[in-house]
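This report refers to the structure that appears directly beneath it.
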Amino acid sequence: MQPIKSYVDKQSEAYRDNYAANLESVEKLRAALASTTKGGGEKYVKRHLSRGRLLPRERVEMLIDEGSYFLEIAPLAGIGIENEFPGAGTIGGIGLVSGRECIIVANEATVKGGAVSEIGQLKNRRLSDVGFQNRLPAISLVESAGADLPVQAKIFVPGGRGFREITRRSKERIPSISVVFGNSTAGGAYLPGMSDYVIMVKRQAQVFLGGPPLVKMATGEIVDEESLGGAEMHSRVSGLSDYLAEDELEALRQARDIVSHYDDAPAKPYLSSVEEPLYDEDELLGIASADIRVPFEVREIIARLVDGSRFDEFKAKYGTTLVTGFARIHGFRVGILGNNGVLISESANKGAQFIQLCNQQNIPLIFLQNITGFMVGRAYEEQGIIRNGAKLINAVSNSTVPAITVMIGGSYGAGNYAMCGRAYEPRFLFTWPSHRIAVMGPQQLSGVMEIIKRDAAAKQGVAVDEGELAMMRKMLESQITRESDSYFATARLWDDGIIDPRDTRTVLGIALSASYNNPTEGTMEWGVFRH
Amino acid sequence: MRVIRACRAMGIASVAVYSDADTNSPHTRFADEAVHIGPAAAKDSYLQIEKIIEATHRTGADAIHPGYGFLAENADFAEACENSSIVFIGPTAEAIRKVGLKSAARRMMTSAGVPVVPGYDGEDQNTETLKRAAIETGLPVLIKATAGGGGKGMRIVRDAAELEEAIESAARESEKGFGDGRLLIEKYIERARHVEFQVFGDNYGNVIHLFERDCSIQRRHQKIIEESPSPAVDENLRQRMGEAALAAGREIGYSNAGTVEFILSPEGEFYFIEVNTRLQVEHPVTEMITGLDLVRLQIEIAEGKPLRLKQEDVISRGHAIEARLYAEDPDNNFLPAIGTLHDWRLPALDAGLRFDAGVEAKSEVSIYYDPMLAKVIAHGEDRETAIRKLVYGLRGLSAQGVQTNRDFLIRLLEHTDFRRGESHTSFIEDHLSELIGLRDAAFDQQAAAVAALYLQKKRHAENKTLPRIPPVYRNNPYRDPAVKFEIGGETIEVSYRHLKDDVYEVRCMDSQIEARVLSYGSGSIRLSLDGIQQWFRVVEAGDVLYVHSTAGARAITRLSRYPQRHEAAEHETANAQMPGQVLKILVAEGQRVAAGDSLIILEAMKMEQTIKATMDGFIETILVKVGDVVAPGEPLVQISAE
């Protein structure tokens, strides 16, 4: 395979402007991420530490193997949303435990006592899906006050899903461990209750359906918390706990020991030596347009993500607004689809064909989304842009090889669907800080709305209030701008996290490796293609 | 090893003898053949004359080189060889006997005109006589065992009031150590040097000397640094002492290698002490200045050849100095140390540097034999160069797993007074505080940082999942990876941050360095620490990492991420495991029990089940009585630690 030749001019004004702006975005990302590591604030962190407990992030660090990576999923969930904390009270991600890739979920005990918020529940659900879809053993580090009661209406009914999924995973031989460090009460008690293995920390774990006040209310029985649901009681009497740990570190060690007896993960494809890309990942900041409306060459991006910058481009001269081709990332074979402009019929057809080829050969797909949508206009409609776009969506929808989507620019309209957006269930979906997502761009959307308003006024034969219209347009534009922002998206679990563009190759490597824990075969079965 | 090497050079096949402890020792393997002669304890093997003679019969060996220790100065052994027609490579049994008793040797020397230390060597061993002799000699005096050696039975007395006690205890000690309680008294010369002359005689009455060795640096009356020429001996004195040594040799009718030992006073007066009738540990010093192979000379003489050198043929070139590397703890009164030499590596050999080692990596240093591991000998055009070279050689030597005197030797050799040539036999005692108990905390930290990087690099190299992603990758960094070590009883935490490629920022207590890993291999790592490139040797044995660089060496224990909790639980309850009936209660409240003690017997499912204590403590409460029916999990007995 030949390496991609790069034509980037690092001295150009565009490069330097992009670099400066993107670097600023990355700094902003770092600051936002850092805000998630502070827990529920100094006061609660202090109180937690004063009780001799490890902070939830420390628990994660001490659980995973020394030197292991930890890819946090949706670290910024909840950011900017009222009544939510950045991270939504949950830390979740993929790391190595006893050499095995596991999905780890830890309650952020210093945030509302680890209570589950609305976004927190969405995040838990996503983490459960990541575990299930990729067959990753799960380890829950539990210390949670249960449902965040004031918002119970939003979480009570869907909340049952989490417990259902634990046992369904169990049935599929995907084991789960609950390590209980503190409260795990009421509904939360079913988290250990449903798990395959339960470890409880002495003098800390408290697991019961109803606490002493509720028991007193219900039956008049007076009982202390330790007798009602302490680690000792559950380890010696109720049998809910399988391992009684003297302290938190022992509990974490026990969890590691349990994982060490698991069956081996499915063998991954043999990886020969991995070539680093020929070009520096740092240059991605200068290449990717800081202004989402300015297109940029996706091959320059690919050249900085794939092994040896080698890329075997498929149908290079046909449907050129979609770049397709084969490469390797950290040794894993991949088929890459990257936008190089608006989707037209030829590029849609080419994409559908390429996805079929990758399924035939069990090659995971990487989507690099930078898409304003499908082309509109009379000529394109006549050519069958809907029919051809549908072929691509058909292929994306029915493909069974692992797919990973990275939104490196815009994600607008049906382009989001055709390029494996969230609704198309890629195994993982990450975004770059400059990324924007909406049905269409804010200017276009408000412009369209203005035209509709004017047309309506014209039909009714009334004059438009130019001032009101201008104001409406301005307000709408700013609303859409706000709502298409990458932080707005990531706060709502529309993706698995915003990443530093320079980490993309690493993150893809981790995601691909995780995907291979569930080595799904590519399919040869598709919906009816509308030819 | 040394002897075998000389034999090989001469085309002579060699046979080693070995005890159980030396089955796989370097000397055993180095020889062409090796004969097992008994268990580890020397008295049952290496000191068994008959077994060694028998070994020669079994292998057809026709000569024995007795080495430096064990039977090397044993006249009976030499005689046993003579009687079995085996050539003993050394002096005759008669010569050994003549000089074996210190008092007899003194008298012999006096008659030969060799100066002896003023004192008493009479047969009258009455305590009063000895006391009087000591007073007449003039305090301070040295009381020595007539039959002794190695410092045993030796006392320095400065105060007349202590004489009686010293004489009696020295006599007891020599009686016990050598089966001979006789003592001699010598004037103790303060700040004296130990200067000895290497002599060689053949069977034809020729005796030559190969110059002196200054062995003044001693601890526990044993030499650890030896050099030649002596900084205190000028040409004139050398001439006179050499003559005296030759006179001594002639008087004894000495053949083969021997050493005539003198005391040299600060005023330049020398006195005979004794003759060693064997090749000595420090002989390489002489070899390096004369360019001669002394073992070869020994063998030639034993073969009956006349000395091929005349006195004027022997020329001293440059300066040679030897340091003895011991398995011992200088900070703990030089007590011998034992253990496994997890790492043993000699630096690259440069001209003028020699290592004579009897050990290798993974050697066990046992309690059975002398704890000397190796001799390092350096030769240079002058004393300064030789010392510098020796220090360089010692710094490059990695000997770990067993406490050694390496660092002590380096400090000694670098001591200003020593460098000025101001050595004497109590040099170490006088300068002890400058030589021991020193700890370079900065190097502790550096070594810990190196260990942390080594472990990180090793993990990364062994990582099968995504070997090429950045080390310890986090998309949302929380804290830097950290590792805890214990060095010399202190806990040191090292944390590090991956900056790029192979560059890390490493923090350890109050220091912060930027480290680049330049190369990594099993057993070593090359690092650039704040821009300074260096090799570090890192050898792992269990939880211990042995880190060595030319700046020092440290044994670093990796502390577990999940420390075992030693403190016992405060309370424990012994619970029923099956439903059953209490059949018997074996303990009473307040009774002390140990973990595993039986507490209660239950009858359950027609079986007797014994409930045992799971911790040490005493019985706080017995919660059931005989006949009670209990459910599984029901607490039966409470045990309290206090």
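Brief remarks follow.
- Prolate/oblate/rounded label for region B:441-558 (Cα gyration tensor, a/c 1.5): rounded
- When region A:211-310 is reduced to its Cα atoms, the Kirkwood hydrodynamic radius in Å: 20.1
- Crossing angle, helix B:163-178 versus chain B [Cα axis fit, 0-90 degrees, rounded to tens]: 80
- Antiparallel bridge percentage (DSSP; both residues within region B:314-423; nearest 5): 100
- Peptide B:459-465 has a mean shielding of 4, counted as Cβ atoms of other protein chains within 10 Å of each residue's Cβ.
- Debye-sum result for region B:390-462 in log10 I(q)/I(0), which assumes one identical scatterer on each alpha carbon, at q = 0.15, 0.17, 0.27 Å⁻¹: -0.68, -0.80, -1.28
- Semi-axis lengths, largest first, of the ellipsoid equivalent to region A:96-226 are 26, 17, 13 Å, with √(5λ) applied to each eigenvalue of the Cα gyration tensor.
- Cβ-based net charge around A:SER227, under 13 Å, with every Lys or Arg adding one and every Asp or Glu removing one: -3
- Label-to-label distance, A:GLN11 versus B:ASP382, with points set 7 angstrom from Cα along the beta-carbon direction: 5.9 nm.
- Each of B:VAL285, B:VAL314, B:VAL157 was scored by other Cβ atoms within 10 Å of its Cβ. Arranged with the fewest first, they read B:VAL314, B:VAL157, B:VAL285.
- Kirkwood Rh (inverse of mean 1/r, distinct Cα pairs), region B:287-441, angstrom: 17.3
- Across q = 0.15, 0.21, 0.22, 0.26 Å⁻¹, region A:383-465 modelled as identical point scatterers on its alpha-carbon atoms has Debye log10 I(q)/I(0) values of -0.69, -0.97, -1.02, -1.19, in the order of the q list.
- Amide H contacts for B:GLY38 (H built 1.01 Å from N in the peptide plane; partners 5 or more residues away or on another chain; cut-off under 5 Å): B:ASP20.
- Burial order of peptide ranges A:412-421, A:171-180 (average beta-carbon count within 10 Å, highest first): A:412-421, A:171-180
- As a rough footprinting exposure proxy, the listed residues B:LEU183, A:LEU469 were ranked by other beta carbons within 10 Å of their own, and the order from fewest upward is A:LEU469, B:LEU183.
- Per residue of A:502-514, other chain Cβ atoms within 10 Å of the residue Cβ number 3 on average.
- Where only alpha carbons of region B:571-640 are counted, the Rg and the Dmax (Å): 10.8, 31
- Taking the C-alpha atoms of region A:442-483, convex hull volume expressed per residue in Å³: 47
- The angle between the Cα long axis of helix A:118-133 and the longest principal axis of the Cα atoms of chain A comes to about 80 degrees, rounded to the nearest 10.
- Mean residue ellipticity at 222 nm, helices only, the protein assembly as shown: -10000 deg cm²/dmol; runs of at least 4 DSSP H residues each add -39,500 (n - 2.57), and the sum is divided by the number of residues.
- R0 of 25 Å, Cβ-Cβ distance B:GLU175-B:GLN222: FRET efficiency to nearest 0.05: 0.70
- The mean number of partner chain beta-carbon atoms within 10 angstrom of a residue's beta-carbon across peptide A:327-333 is 1.
- In order through region B:421-431: 3J(HN,Hα) via Karplus (6.51 cos²θ - 1.76 cosθ + 1.60), integer Hz, x for Gly, Pro: x, 8, 8, 7, 6, 10, 4, 5, 4, 5, 10
- As a proxy for reagent exposure, A:SER513, B:SER433 were ordered by neighbouring Cβ count within 10 angstrom, fewest first; the result is B:SER433, A:SER513.
- C-alpha long axis of helix A:466-483 to longest principal axis of chain A, angle in °: 50
- Whole-Å semi-axes of the protein assembly as shown's equivalent ellipsoid (Cα gyration tensor): 82, 41, 26
- The overall shape of region B:86-146 is prolate: from the C-alpha gyration tensor, with semi-axes ordered a ≥ b ≥ c, the ratio a/c is 1.5 or greater and a/b exceeds b/c.
- 5 angstrom amide H check on A:LYS268, placed H, neighbours 5+ away: none
- When chain B is described by a simple charge dipole with +1 on each Lys and Arg Cβ and -1 on each Asp and Glu Cβ, the residue from B:ALA55, B:ALA104, B:PRO579 located farthest towards its positive end is B:PRO579.
- Rg and Dmax of region B:123-187, based on Cα coordinates, read 10.4, 29 Å.
- Region A:94-146 versus region A:508-531: alpha-carbon centroid distance in Å: 25
- Percent antiparallel among DSSP beta bridges (both partners in the protein assembly as shown, rounded to 5): 75
- Less than 5 angstrom separates the built amide H of A:ALA145 from those of A:GLY114, A:ALA115, all sequence-distant by 5 or more or on a different chain.
- For chain A, the fraction of C-alpha pairs farther apart than 46 angstrom is 19 percent.
Only the coordinates and a few stated rules stand behind these numbers; no lab work does. Source: prediction; values computed, not measured. Every residue, glycine among them, receives a Cβ derived from its backbone with ideal geometry; neighbour counts consider all protein chains shown.
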